[in-house]
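The numbers here are math on the coordinates, done by the rules we state, and not lab data. Since this is a predicted model, take the numbers as computed values, not measurements. Here the Cβ positions follow ideal geometry from the backbone for every residue, glycine too, while neighbour counts run over all protein chains shown.
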Amino acid sequence: MGRIAAPFGVKGWVKVQPLTAATQNLLAYKSWWVGREDGWREIAVAEARVQGRTVVARLEGCDDRDAAAALRGHSVAVPRAALPRTQSGEYYWADLIGLAVVNASAQPLGRITGILQTGANDVLVVGGERERLVPFIAEVIRDVDLAAGVVRVDWGVDY
């Protein structure tokens, strides 16, 4: 849902770079799961607001700049059950990671290892015999079949 970028001020606030469709979406949750690969913990959100293209928040137990600085680089998540249902043609990034990618000729291109936000459109990072960057746009993405675990694309193996 986001990443803690930096402390904000001297009273324990943090600046969060949201990875949501709309910056304000993080404000809908009263607690966040904050962590890294080595561990996660649930933290109540005492206050939060949108500031430009970021969210600034005061988290319970984070009372000074040093505590906020210790959270720099941590990810922000919420439980899957707390997320709204997706509409037809919408996908959560977490659902796409790990899916196989094949082109129109049924040639495997690899698996989705990440997703980049470019501003213009999202880009799938596809790992295989080499890394490919595949734009997540209607002209390229032909089908996303979550049940089968595959994304079909109009993309050549030599791109």
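How high is the relative contact order of the chain, in percent, with contacts defined as C-alpha pairs under 8 Å that are six or more residues apart? Don't skip to the answer; put the middle values down first.
Details: 311 pairs, mean separation 28.1, N = 159.
Relative contact order for the chain comes out at 18 percent.
Distance between Cα centroids, the range 9-27 to the range 130-159: provide it in whole Å.
When both Cα centres are located, 31 Å separates them.
If you build the Cα gyration tensor of the range 1-70 and take the root of 5 times each eigenvalue, what three semi-axes come out, in whole angstrom, biggest first?
17, 14, 11
Would you mind working out the magnitude of the charge dipole of the chain relative to its Cα centre, with +1 at each Lys and Arg C-beta and -1 at each Asp and Glu C-beta, to the nearest 20 Debye? Please list the in-between numbers first.
Working: 18 positive and 18 negative charges, 95 e Å.
With only Lys, Arg, Asp and Glu charged at Cβ, the dipole is about 460 debye.
Give me the extension gain from Ala70 to Leu146: residue separation times 0.36 nm, minus the current Cα-Cα distance, reported in nm with one decimal.
23.7 nm
Hey, what's the Cα Rg ratio for the chain versus the globular rule of thumb, 2.2 N^0.38 Å?
The value comes to 1.20.
For the pair Glu60/Ala106, report the inter-label distance in nm, with labels modelled 7 Å from Cα in the Cβ direction.
5.5
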